[in-house]
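None of the figures in this text is laboratory data; all of them are computed from the coordinates on show. Predicted model, so just to flag it, every value in this text is computed and none were measured. Don't worry about glycine lacking a Cβ; one is built from the backbone with ideal geometry, like all the others, and counts go over all protein chains shown.
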Amino acid sequence: MHAWPASEVPALPGKGRDLRIHDTATGGRVTLAPGPVARIYVCGITPYDATHMGHAATYNAFDLVQRVWLDTKRQVHYVQNVTDVDDPLLERAIRDGIDWVGLAERETALFREDMTALRMLPPQHYIGAVEAIPGIVPLVERLRDSGAAYELEGDIYFSVDADPHFGQVSNYTTELMRHLSAERGGDPDRPGKKNPLDPMLWMAAREGEPSWDGASLGPGRPGWHIECVAIALDHLGMGFDVQGGGSDLIFPHHEMGASHAQTLTGEFPMAKAYVHAGMVALDGEKMSKSRGNLVFVSKLRRDGVDPAAIRLALLSHRYRDDWEWTDQVLQDAMERLGRWRAAVSRPDGPSADALVEELREALSDDLDTPTALAAVDRWAALQAAEGGTDDSAPGLVSRAVDALLGVAL
Ligand code: 5CA
Ligand code: ZN
């Protein structure tokens with residue numbers, strides 16, 4: 001699949017800082033010091049509805065990770081998937097009486113537009129689950145042939161007991177895992193499974209549902225977790241720097257994915273940090289396609305809201321926090337954007353060298369965007385109150401805000 005166009009990332013004077021970020025697996029901060037090429041996998045959308053503010057907030061967090069790395073003069077190798085065949089997508093297509101392929105294509109195209117408008121850096125590899133199937137089949141065969149997977153009435157399950165490190169991404173109790181498994185696409189109560197938590201790797205073809213050639217597995221379609229693992233291993237290999245997604249992916253998705261990869265390769269860990277963004281809510285409940293309590297990026301854009309203001313609204317919250325989307329959040333962001341634009345549109349201003357360092361420090365400190373925004377606010381307030389004589393300052397602020405926060409002033 002093609003991704004979307006990259007916006008230019010201005011180079012800043014001086015040197016960026018290494019990222020210290022919260023790792024779900026160890027429960028603490030890790031300092032990431034990748035080689036010249038940093039590697040990141042971020043779980044993509046299931047394209048049965050438009051991008052909402054929750055998705056946008058999560059992709060914003062991982063965009064910032066990349067901007068911190070780029071500021072250290074590293075290259076970034078970024079891979080993202082599209083879950084372009086899955087139960088919710090097929091169900092929505094049936095409900096609306098439309099073709100599931102067309103639905104996925106339409107919503108993926110809209111996602112690209114939203115990401116472009118929000119200046120999110122594109123992945124180098126943007127891979128659909130369907131196009132990954134030829135690479136998934138041999139992985140499932142290998143797991144089965146090594147005894148780490150087993151067949152149940154034609155379906156193939158992964159045996160979580162095959163991975164000695166199983167449980168070390170989420171660190172959840174068995175009870176919580178079982179509860180979340182039932183809630184998030186698993187089938188802990190299906191009779192005949194070796195362990196109720198075992199996830200499906202390959203689902204044998206069902207009447208009326210799409211299926212693909214699975215070689216010795218028989219016709220069917222892949223399970224969710226192996227899709228992301230196949231794509232990540234193919235393009236990044238083991239031991240990549242960041243596995244990213246929202247906190248609702250900690251279990252089962254990222255736990256199972258890590259176990260699949262570790263069992264396939266015998267290496268540990270799959271990723272150096274498992275990084276999770278908090279959940280954005282609307283009216284007190286997690287914004288979700290299944291609940292339908294949504295604020296869409298595309299709807300705001302159609303209503304004439306400047307994408308830079310949407311981005312500033314996302315940045316006004318710390319990525320790990322759960323937070324509530326309100327009209328006020330957007331209103332505040334529009335006002336802040338106005339103040340910042342006024343401040344950088346003057347020919348000179350107060351020196352901004354310290355501001356660039358404050359931005360770098362805040363972002364490298366587990367992506368502390370509220371502190372970063374407060375630093376720009378202070379510079380803009382000083383500009384408004386007293387001005388300054390540094391004729392390079394407004395341009396530097398503009399480039400720093402663009403390079404590090406993805407906001408074009
Ligand atoms: N296709 C899978 C991942 S392989 C999936 O979870 N798709 S999704 O469309 O449901 O979500 C896309 C990303 O947005 C995921 O990282 C998910 O954790 C995140 N996300 C979904 N809802 C919210 C929300 N309300 N707040 C923050 N992030 C969210
Ligand atoms: Zn995923």
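Listing for the model above:
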| read-out | value |
| --- | --- |
| Once the Cα gyration tensor of segment 101-155 is diagonalised, semi-axes √(5λ) in Å | 34, 14, 9 |
| Under-5 Å amide H pairs with Val407, H placed in peptide plane, nonlocal only | Asp402 |
| In nm, spacing of pseudo-spin labels at Glu131 and Ala6 (7 Å Cα→C-beta vector) | 1.8 |
| Amide H contacts of Ile127 (H built 1.01 Å from N, under 5 Å, at least 5 apart or other chain) | Gln80, Asn81, Val82 |
| Distance cut-off 19 Å, percentage of C-alpha pairs in segment 225-329 lying past it | 55 |
| Relative contact order %, the chain, counting alpha carbon pairs below 8 Å whose residues are six or more apart | 21 |
| Cα-derived Rg to Rh of the chain, Kirkwood definition | 1.00 |
| Magnitude of the charge dipole, segment 272-409, Cβ model with Lys/Arg +1 and Asp/Glu -1, debye to 20 | 700 |
| Helical contribution to [θ] at 222 nm, DSSP H n ≥ 4, -39,500 (n - 2.57), averaged over the chain, rounded to 500 | -13500 deg cm²/dmol |
| Diffusion coefficient, µm² s⁻¹, Stokes-Einstein with Kirkwood Rh over alpha-carbon pairs of segment 86-202 at 25 °C and 0.890 mPa s | 143 |
| Rounded tilt (10° steps) of 393-405 against the dominant C-alpha axis of the chain | 10 |
| J(HN,Hα) series, segment 301-308, from Karplus relation 6.51 cos²θ - 1.76 cosθ + 1.60, nearest Hz, glycine and proline x | 4, 4, 6, x, 6, 5, x, 5 |
| For segment 314-354: rounded, prolate or oblate by the Cα gyration tensor [a/c cutoff 1.5] | oblate |
| ³J(HN,Hα) computed for each position of segment 111-117 - Karplus, 6.51 cos²θ - 1.76 cosθ + 1.60, integer Hz, glycine/proline x | 4, 4, 5, 5, 5, 5, 4 |
| Long-range amide H partners of Asp23 with built H, under 5 Å | Gly28, Arg29, Val30 |
| Rounded to the nearest 20 debye, dipole of segment 170-264 from Cβ charges on Lys, Arg, Asp, Glu | 220 |
| Per-peptide average of other Cβ atoms within 10 Å, ordering 16-24, 94-102 highest first | 16-24, 94-102 |
| Normalised contact order of segment 350-399, rounded percent, pairs of Cα under 8 Å and 6 or more residues apart | 58 |
| DSSP-defined beta bridges in the chain - what % are antiparallel, rounded to 5 | 45 |
| Gyration tensor verdict on segment 299-405 (Cα atoms; rounded if a/c is under 1.5, prolate if a/b is larger than b/c, oblate otherwise) | oblate |
| Equivalent ellipsoid semi-axes, segment 333-378, via Cα gyration tensor eigenvalues times 5, rooted, Å | 20, 14, 6 |
| Note, ³J(HN,Hα) from phi for segment 56-70, Karplus 6.51, -1.76, 1.60, rounded to Hz, x at Gly and Pro | 4, 5, 5, 5, 4, 4, 7, 5, 5, 3, 5, 5, 5, 5, 4 |
| Between helix 174-183 and the chain: long-axis angle, C-alpha atoms, 0 to 90°, nearest 10 | 90 |
| Span per principal axis, largest first, for the Cα atoms of segment 1-105 (Å) | 56, 34, 23 |
| For the chain, size of Cβ-based charge dipole, Lys and Arg +1, Asp and Glu -1, in debye | 680 |
